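The values are calculated or read from the model by the stated rules, or taken from the named source; none is laboratory data. Everything numeric in this text was worked out from a predicted model, so none of it was measured. In this analysis, Cβ positions are derived from the backbone assuming ideal geometry, glycine residues included, and neighbour counts consider all displayed protein chains.
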Amino acid sequence: MDHTRWLDADEQRTWRAFLTANRLVLDRIERQLSQDSGMPLAYYEILVRLSEAPGHTLRMSTLASTALSSRSRLSHAVARLEEAGWVRRRACPTDRRGALAELTPEGMAVLEAAAPGHVESVRATLFDHLSPGQQAALREIVETLIGALSETPEWPAAQDATCATDARR
């Protein structure tokens, strides 16, 4: 017996439009960052998250979970950012198993240089095409989806960088 809840025509149209819009927006943002700043969006996101954290430092496991990345993928990205001198990794002083990622002054300078072009790209790609009401509706929709699908906040404003608070991970 078939219990598949197939998409009706409107749902199929919505799903396909969502996929297409998501790919188009992310492709344009990714292309701009790569061309103008020589980094992928994932690296930019890591730098931003660290720039907003207390002391520009986050535990690696916290950074991975809030960036919705696997620990191994994040570790690889942080290794590349370390090679560039933009991030430094250091041991957690209170938990031998933990590691911290810290934004360096060079990383902050790179982020500050990349930010104006990135913001303009986000604005031109997304916000310039939406009315204030559509922006509010989009925010409500994505926040609903995030709340239903994510175990972690979508973008923590301030995470504790101390190792003791996250020793269980």
Output yes when any residue across region 30-41 is within 30 Å of Gly98 (Cα to Cα) and assigned to a helix (DSSP H, G or I), and no when none is. yes
Any pair with Cβ under 7 angstrom, 6 or more apart, that starts in region 143-156 at a residue that is exposed (fewer than 12 other Cβ atoms within 10 Å of the Cβ) and ends at one that is at pLDDT 85 or above and in a helix (DSSP H, G or I): none
From Val122, Val78, which residue is aliphatic (A, V, I, L, M), over 19 Å from Met60 (Cα atoms) and assigned to a helix (DSSP H, G or I)? Val122
Only one of these conditions is not met by Gly55: (1) at negative phi; (2) assigned to a helix (DSSP H, G or I). Which number is it? (1)
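What about Arg16, is it among the basic types (Lys, Arg), over 17 Å from the mean Cα position of the chain (by Cα), farther than 13 Å from Gly107 by Cα and modelled with pLDDT of 95 or more?
Spelling it out, Arg16 is indeed among the basic types (Lys, Arg), over 17 Å from the mean Cα position of the chain (by Cα), farther than 13 Å from Gly107 by Cα and modelled with pLDDT of 95 or more.
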Residue that is surrounded by the most Cβ atoms within 10 Å (Cβ to Cβ) [pool: residues in region 3-51 that are of a type in the set (Asp, Glu) and either closer than 21 Å to Arg73 by Cα or in contact with a Lys or Arg (Cβ under 8 Å, 6 or more places away or on another chain) (or both)]: Glu45
Take the conditions more than 14 Å from Leu47 (Cα to Cα), of a type in the set (Asp, Glu), in a helix (DSSP H, G or I) and more than 16 Å from the chain's Cα centre (by Cα) and apply them to Glu112. Does it pass? no
